[in-house]
1. Look at the range 304-352 and say how many of its residues are of a type outside the set (Lys, Arg), surrounded by fewer than 24 Cβ atoms within 10 Å (Cβ to Cβ) and part of a loop (DSSP other than H, G, I, E, B).
2. Within the range 16-24, identify whether any single residue is in contact (Cβ under 8 Å) with a residue 60 or more places away in the chain and surrounded by 23 or more Cβ atoms within 10 Å (Cβ to Cβ), and answer yes or no.
3. Assess whether Ile81 counts as being surrounded by 24 or more Cβ atoms within 10 Å (Cβ to Cβ), in a helix (DSSP H, G or I) and modelled with pLDDT of 95 or more.
4. Residues Leu307, Leu353: which one is among the hydrophobic types (A, V, I, L, M, F, W, C) and touching a helix residue (DSSP H, G or I) at 6+ places or on another chain (Cβ under 6 Å)?
5. With the requirement that a residue be surrounded by fewer than 18 Cβ atoms within 10 Å (Cβ to Cβ), within 30 Å of Lys20 (Cβ to Cβ) and charged (D, E, K, R), what does the range 580-633 give you?
6. Within the range 140-153, can you find the residues that are within 20 Å of Ala190 (Cβ to Cβ), touching a strand residue (DSSP E or B) at 6+ places or on another chain (Cβ under 6 Å) and not in a loop (DSSP other than H, G, I, E, B)?
7. Of the numbered conditions (1) surrounded by 24 or more Cβ atoms within 10 Å (Cβ to Cβ); (2) touching a residue at least 60 places away in the same chain (Cβ under 8 Å); (3) in contact with a strand residue (DSSP E or B) (Cβ under 7 Å, 6 or more places away or on another chain), Tyr62 fails exactly one; give the number of that condition.
Amino acid sequence: MNLTEKILSAHLLGAAALPKAGEEIALRIDQTLTQDATGTMAYLQFEAMGIDRVKTELSVAYVDHNTLGTGFENADDHRYIRTVARRHGIRFSRPGNGICHQVHLERYGIPGKTLIGSDSHTPTAGGIGMLGFGAGGLDVAVAMGGGAYYIRMPRVIGVRLTGRLTGWAQAKDVILEILRRLTVKGGVGAVMEYFGEGVGSLSVPERATITNMGAELGATTSVFPSDGQTRKFLSQNGREDCYRPLAADDDAAYDEIVELDLSKIRPMVACPHSPDKVVPVGEVEGLPVDQVCVGSCTNSSLSDMLLVAAILKGKSISPRVSFSVSPGSRQVLTQMSECGALADILAAGARILECACGPCIGMGNSPQSGGVSLRTFNRNFEGRSGTADAKVYLVSPAVAAAAAVYGKITDPAKLGDPPRISLPEKFTVNDNMIDLPDFSGEVEKGPNIKPIPIGIPTPEKLSEKVLLKVGDNITTDHIMPAGAKILPYRSNIPYLSRFCFGVCDESFAKRAKEAGHCVIVGGENYGQGSSREHAALVPLYLGVRAVIACSFARIHQANLINAGILPLTFVDKNDYQKIEEGDEIEIEGLRSAIENGGEIYAVCHGERIPLAAPFTGRQREILLAGGLLNYTKEQEK
């Protein structure tokens with residue numbers, strides 16, 4: 001067996017053996033995590049289930065996304081999460097303690113365990129040998145209540161690593177090279193499993209950078225073996241007792257194998273506006289840069305920060321560059337302070353931001369209009385930075401630091417030989433900003449927290465207007481943007497709805513409210529990107545009954561089903577051209593077709609267009625009930 005199969009088998013529910021790829025499986029979940037941008041919905045849904053205590057081995061609520069106190073809304077949401085966590089048995093990581101994926105890796109990740117989180121980069125945990133899945137908040141709520149997590153059995157793509165990184169090449173360049181080869185759709189329906197003699201040369205933080213950005217491949221998750229490097233990392237964090245060796249069998253089979261020689265990796269750059277528009281740094285070298293940001297859940301580990309500090313020591317940031325650093329956790333920031341790295345970075349002219357997601361989700365520090373921003377982050381979708389016309393490039397910490405010094409994209413080889421970085425044998429551990437639950441107190445909700453919308457059962461006939469037609473690779477940032485102006489209303493769906501699809505069509509929300517109900521048509525890979533459930537809940541509130549697309553991203557498709565919105569696909573993708581915005585479509589016998597697995601046709605301009613509804617039996621029941629919340633309540637009767 002490969003490692004993925006071993007962990008899945010150990011957590012399989014209701015079946016004796018793993019099925020073939022594509023069939024639905026139910027998994028026991030050991031741990032859950034939430035972050036504040038999605039956590040409020042997850043906990044509102046958990047409360048709606050009427051379950052008093054979480055039933056997982058561990059559940060943690062992190063506050064890391066929306067930490068700017070520009071009004072009462074954020075503070076109220078943080079209070080709600082804190083009080084609901086205390087009451088129901090969830091650990092609470094306070095604002096400033098760090099980014100969920102970095103902190104979870106340091107303090108809670110355990111090889112061989114399963115984790116789901118209401119954040120699409122939860123697969124970061126694969127760097128420590130866990131299977132971590134990004135999921136919608138409702139799926140997380142169900143898991144906290146002791147329910148199974150359902151996914152389709154993934155294919156397993158084995159990535160055989162040989163050699164070792166040399167020169168200025170970093171782990172970020174490894175995943176950028178894989179994105180260059182496979183694209184943002186290359187991992188859809190698959191787990192990326194890393195193996196081979198090259199694995200042992202990568203530290204856990206390096207592995208976590210690679211598994212983190214596996215989300216950009218569209219992968220279900222990514223995973224590395226648990227080995228000596230894993231044991232070393234756990235020991236550094238005072239958790240060696242959590243170590244267990246895990247690896248694929250020597251004769252393990254994979255559905256596909258990607259060969260990657262680490263010794264041939266060179267510094268890479270992902271150009272605007274997609275993580276797979278990757279070129280060697282030399283192809284864009286010399287481009288003037290206005291902003292450089294180091295951090296995010298991808299590249300904010302202590303080793304990343306020490307490298308940047310070593311590069312900047314004794315140098316000054318270019319006067320044309322605004323340079324910011326976001327350490328991934330308070331633990332990282334503390335150790336930077338203790339060893340002098342923080343002083344070196346400050347002396348060079350850096351701005352130190354909070355240990356939070358910050359600029360990665362447009363939460364402050366947006367670039368100037370039309371500006372070029374180099375970021376060690378994981379996504380560079382258009383407008384995600386908070387500046388609509390900014391040009392965001394994704395790079396390694398080494399390339400970022402070189403650009404900050406020279407004011408333009410620069411091959412770090414210009415800096416000479418890479419500095420040697422040494423990490424302490426033991427990390428500074430202080431968990432006093434993680435509150436433990438005591439199952440007491442009242443849950444406190446501020447006035448900005450509104451009820452969640454509830455779906456309606458699938459009707460027999462759908463007669464709707466196509467209110468919006470969009471193209472390929474529409475992201476959740478297109479559907480429901482983030483950023484400092486919008487995220488404070490993540491608990492207020494009615495207000496949040498004003499911004500739905502604003503990036504694509506500023507009039508959509510107003511037109512949807514006036515129409516009452518409608519259908520959306522999309523292209524390939526509809527809903528890629530974040531796991532944010534709001535990208536389904538807000539369209540539900542606005543009356544979207546169905547989305548007809550050429551294909552869907554995994555998490556968003558699951559979120560649509562959970563909300564009770566029908567995600568239908570074109571049988572013939574050329575039929576995408578036959579339906580235009582403003583057209584009226586009718587689907588007869590819809591409920592019967594969903595219930596019995598029959599054929600579905602949308603009638604538009606008198607032509608019958610076949611649609612696919614490849615749902616599992618459980619998904620059909622959820623849609624018939626009008627969403628997972630309705631379905632769960634029905635099962636409890």
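The values are calculated or read from the model by the stated rules, or taken from the named source; none is laboratory data. Predicted model, so just to flag it, every value in this text is computed and none were measured. Neighbour counts run over all protein chains shown; Cβ positions are idealised from the backbone, glycine included.
1. Total satisfying the criteria: 9.
2. So far as the range 16-24 goes, no, none of its residues is in contact (Cβ under 8 Å) with a residue 60 or more places away in the chain and surrounded by 23 or more Cβ atoms within 10 Å (Cβ to Cβ).
3. yes
4. Leu307
5. Within the range 580-633, Arg591, Glu595, Glu599, Arg618, Glu621 qualify.
6. Hits for the range 140-153 are Tyr149, Tyr150, Arg152.
7. So Tyr62 meets the others, but not (2).
For (1) modelled with pLDDT of 90 or more; (2) under 15 Å from Gly137 (Cβ atoms), each residue gets a yes or a no:
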site	(1), (2)
Glu24	yes, no
Gln31	yes, no
Gly39	yes, yes
Tyr43	yes, yes
Met49	no, yes
Glu57	yes, no
Tyr62	yes, yes
His65	yes, yes
